[in-house]
Amino acid sequence: MKLSEVLAITGATCLVGEDLSLLEVNHAFASDLMSDVLAMTHPDTLLITGLTTAQIVRTAQVLGLPAILVARGKEVPRDVVDLARASGICLLATRDIMYVASGKLYGHGLPG
């Protein structure tokens, strides 16, 4: 699924990586526990989280994840946005809670 589709399906906004909207993700993983995220192995995964700390970007870096979707309408601090930009990671934000965002994406064919 293209990240542009993720934007449309979840009503998200792109905070960083507008030029990355042609990227594709083939899986999604929703968690606020970065230790659980680190246990997954797919580098083509969209991370869905409610966290807004630098750890979400650091975790995505370690795993080679292309994008993060921040849920619950949370404001992402400028330093986290800047870190995502410097890391080349697309950062999206949606007002949906994680459950709803995950369900919408799953319903449109993006597996976990």
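The values are calculated or read from the model by the stated rules, or taken from the named source; none is laboratory data. Fair warning: this is a prediction, and the values are worked out from it, not measured in the lab. Counting neighbours? That spans all protein chains shown, and the Cβs are built from the backbone with ideal geometry, glycine included. Heavy atoms of the whole protein, side chains included, go into the accessibility calculation; ligands, DNA and RNA do not. Shrake-Rupley method; radii C 1.70, N 1.55, O 1.52, S 1.80 Å.
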* Structure fact -> Note to self, the chain gives a 222 nm [θ] from helices alone (DSSP H runs n ≥ 4, -39500 (n - 2.57) apiece, / all residues, nearest 500) of -10500 deg cm²/dmol
* **Check: the chain dipole with +1 on Lys, Arg Cβ and -1 on Asp, Glu Cβ, in debye** => 180 debye
* Given that just one value was derived from the coordinates, which of (i) 2, 12, 26, 27, 20, 10, 2; (ii) 2, 11, 24, 25, 20, 12, 5, 1; (iii) 2, 14, 28, 28, 22, 6, 0 is P(r) over Cα pairs in 5 Å bins from 0, in percent? -> (iii)
* **FRET efficiency for ARG85 and HIS108, using Cβ-Cβ distance with R0 set to 22 Å, rounded to 0.05** => 0.20
* Asked: Under a point-charge model restricted to the Cβ atoms of Lys and Arg (+1) and Asp and Glu (-1), what is the dipole moment magnitude of segment 61-112 relative to its Cα centre, in debye to the nearest 20?
  -> 120 debye
* Determine the share of the chain's accessible area contributed by carbon and sulfur atoms, expressed in whole percent, with a 1.4 angstrom probe. => 57 percent
* Structure fact -> Sorting ALA28, GLY17, GLY50 by the position of each Cα along the dipole of the chain (Lys, Arg +1; Asp, Glu -1; all at Cβ), the one nearest the positive end of that ordering is GLY50
* For the chain, report the accessible area per residue in Å² (1.4 Å probe, heavy atoms, rounded to an integer). => 49 Å²
* Asked: Using a simple spin-label model with points 7 Å from Cα along the Cα→Cβ vector, what separation in nm is obtained for SER35 and ARG95?
  -> 3.5 nm
* **Extreme residue, positive dipole direction of the chain, given options VAL80, PRO66, THR94 (C-beta unit charges)** => THR94
* What list of ³J(HN,Hα) couplings, whole Hz, do you get for segment 34-39 from phi and the Karplus terms 6.51, -1.76, 1.60, once you set θ to phi - 60° and write x for glycine and proline? -> 5, 5, 5, 5, 5, 6
